[in-house]
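Let me begin by presenting the structure, written as structure tokens, before commenting on it.
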Amino acid sequence: MRQISQPSYHHGNLRRAIVDAALQAIAESGPAGWSLRELARRAGVSHAAPAHHFGDKQGLLTAVAAEGFAMFADALEAAADDVWEVGVAYIRFGIDHRPYFEVMFRPELYRTDDPSVRTGRERAAGMLVTSTRWLSPGPEHDRMTTMAAWSLVHGFTSLWLSGALPESADGDPEALARSMIRLVLGAMRTGSGGRGLAPG
């Protein structure tokens, strides 16, 4: 039997190869700077393969978002015993998994009603709500409190990734994040009186 020179993929590996190629492309040029045809060349698959598996670019980015939100929720849940560390886990995920992060919070890029996206996003949102509830002075302030804490950790992550913070050059993002979270959210907790469980 003759050797087949082209890479041999079964269905699952081909899908994985395309997603991995998309993540690499996003890391290099953002979520908009490439086409499915370019992605197929990068992955070493036929030009029709991405469309066959994902339909279009939005479908592929939906798969990236779904995978990202599942990983993100896992990371937040792993830190659930210490509410300070939930914020640190948020920042760590964004920095360590930048291609996912750049897609997940751009809902115009993917299908937000996709069941896998929705499941992961709801798990992650549930962790943020649960973790910030102890900061809130009362149920009527829960939403604003969650938004304030979310804005803090998401803003820090975005500033770090963009290089806007001088510390981004050679600082330790986790150490800085941990100090910032304790300073700002700790002050919020003290000022509001808080409620619920104390941080770990």
Vicinal HN-Hα couplings computed from phi for segment 38-52 (Karplus, 6.51 cos²θ - 1.76 cosθ + 1.60; Hz; Gly/Pro x): 4, 5, 4, 4, 4, 7, x, 10, 5, 5, 8, 4, x, 5, 4
Protein accessible area in the chain, 1.4 Å probe - carbon and sulfur %: 56 percent
Packing rank of 146-157, 167-178, where each peptide gets the mean count of other beta carbons within 10 Å, highest leading: 146-157, 167-178
Per residue value of the accessible surface for segment 1-160 (all protein chains in place, 1.4 Å probe), Å²: 51 Å²
Computed [θ] at 222 nm, helices only, for the chain once each DSSP H run of length n ≥ 4 contributes -39500 (n - 2.57): -22000 deg cm²/dmol
Potential lengthening between Ala148 and Gln58 on full extension [0.36 nm per residue; Cα-Cα distance subtracted]: 29.4 nm
Under the Karplus curve 6.51 cos²θ - 1.76 cosθ + 1.60, θ = phi - 60°, whole-Hz ³J(HN,Hα) for segment 170-183, x wherever Gly or Pro sits: 8, x, 9, x, 5, 5, 5, 4, 4, 5, 5, 4, 5, 5
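The values are calculated or read from the model by the stated rules, or taken from the named source; none is laboratory data. Just so you know, these numbers come straight off a predicted model, no measurement behind them. Cβ sites come from the backbone with ideal geometry, for glycine too, and all protein chains shown count toward neighbours. Remember, those area values only see protein heavy atoms, side chains included, never the ligands or the DNA or RNA. Shrake-Rupley method; radii C 1.70, N 1.55, O 1.52, S 1.80 Å.
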